[in-house]
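Asks: Starting off with a structure, shown below.
The values are calculated or read from the model by the stated rules, or taken from the named source; none is laboratory data. The structure displayed is predicted, hence computed values, not measured ones. A quick note on method: Cβ atoms are made from the backbone with ideal geometry, for glycine too, and the neighbour counts reach across all protein chains shown. Note: accessible area is taken over every heavy atom of the protein model, side chains too, but ligands, DNA and RNA are not part of it. Shrake-Rupley method; radii C 1.70, N 1.55, O 1.52, S 1.80 Å.
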Amino acid sequence: PQELNEDGLVGGSMLKLAFLSSGVWISFVAFGWAQETLTSHEYGPNKDRFTHTSSLVLVQSIGNAVVGYCALKLTQGKNVSVTGGVPAREWLVTSLAYLGAHKFGLEALRYIIFPLQVVCKSCKSIPVMLGERILAGQTHSTEKKISVMLLTLGVIFFTLAQPKKKNQEFHLDSKTIFGLTLVFLALICDGIYGPYQNKIAKEFKVSEYHLMLNMNLWQAIFTAILIFPSGELLELSAFVVHHPAVLQQMGIFSATMAAGNLFIFKLQHDFGALTVTKVTTIRKLVSVLFSVLWFRHSMASAQWIGVFVVFFANQIAKATCTALGIKPPPKADKGKKEPKKKESKKSK
């Protein structure tokens, strides 16, 4: 068994963190390309387009669960428990929160403008940090708290400094308030599902593949229940029959998502939910910067301040703590064992 740190996580070197973070970024850039290719491609003489996006969630969940199952069996043997000894109710809680975070976030876009949703969701690190404290019993240093706040403020500043379009004016009305309520619910779910996985990994000592398999399996079940009454699965079947070429695109879509999941759940298992949130938040900004540089889009000068704050949040936080005389918490010395006290021999 692997030695765990004081938070009950495997942790590891900066090189390992950099490798997993890079894997997440590369995989999800490829996934974004595959998703856009699948949904924008025109099929057949009538130039039909793939519009069954709810079914894609089911497809990717099944694909991720299959890859997680195979990885689990390959790494831990054929007799390994699929659930890892975790009660179904534990998987139920974290999977429902995971589904809620995505559903509430997407539904909010029907009521609020996209930049506002980005601003709100960029605060995701804060509920995740609170969730780790409440659900997983983890503590965070002052330096880490300042780093999270800087990361959040950097993304917000980057978004707000973006030149506004005519159709993206902000109006505080009943529709916007309802949309903000949905975003708030999404943030609550964000603060549950990641930290709850920390709790499961710490308490039951499961592997990252247990997390990947069970999270996606339960999400596939919930998604199938939600979309089955709509008849979308039948529409998807008919589309595949008429345009079998779409199967190749769906395969690439599922493969890139599964690759991203392997990195995400390894990062989640070894470094925790807060690290995953920070990595994925930075990934979104990297994607925007890549688009700006590759396609030569314009970007406001003030937005570069937000970029600087995001990428140097850790260094700024460390310098701030040093300037204020705030010392990092002492690291537990795992090599030393406390000597056993000798019992005094006293005659009764």
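Asks: Rounded to the nearest percent, how much of the accessible area of the chain (1.4 Å probe, protein heavy atoms only) is carbon and sulfur?
Replies: Answer for the chain is 65 percent, counting heavy atoms of protein chains only.
Asks: Which whole-number percent is the relative contact order of the chain (Cα, under 8 Å, 6+ apart)?
Replies: 34
Asks: Here is a follow-up. Relative to the Cα centre, what is the charge dipole magnitude of the chain, using +1 at the beta carbon of each Lys and Arg, -1 at the beta carbon of each Asp and Glu, and rounding to the nearest 20 debye?
Replies: Dipole size: approximately 1600 debye.
Asks: Could you work out the local net charge near Ala108, counting Lys and Arg as +1, Asp and Glu as -1, over the other residues with Cβ closer than 12 Å to its Cβ?
Replies: +3
Asks: Taking the Cα centre of each part, how many Å lie between the range 26-88 and the range 251-270?
Replies: With the range 26-88 and the range 251-270 each reduced to a Cα centre, they are spaced 9 Å.
Asks: With 30 Å as the limit, write out which pairs from Lys199/Lys284; Lys205/Lys318; Lys175/Lys202 have Cα-Cα distances beyond it, or answer none.
Replies: Those over the limit are Lys205/Lys318; Lys175/Lys202.
Asks: Please check the chain for the longest run free of GluC sites (Glu not before Pro) that are loop-located per DSSP (anything but H, G, I, E, B) and have at most 15 other Cβ atoms within 10 Å.
Replies: In short, 170-342.
Asks: In addition: Helix-only estimate, please: 222 nm mean residue ellipticity of the chain, summing -39500 (n - 2.57) across DSSP H runs of length 4 or more and dividing by its residues, to the nearest 500.
Replies: Value at 222 nm, helices only, nearest 500: -23500 deg cm²/dmol.
Asks: Say we join alpha carbon atoms closer than 10 Å with springs in a Gaussian network model of the chain; which of Lys266, Lys121, Lys145 then has the biggest fluctuation?
Replies: Judging by the Gaussian network model, the answer is Lys145.
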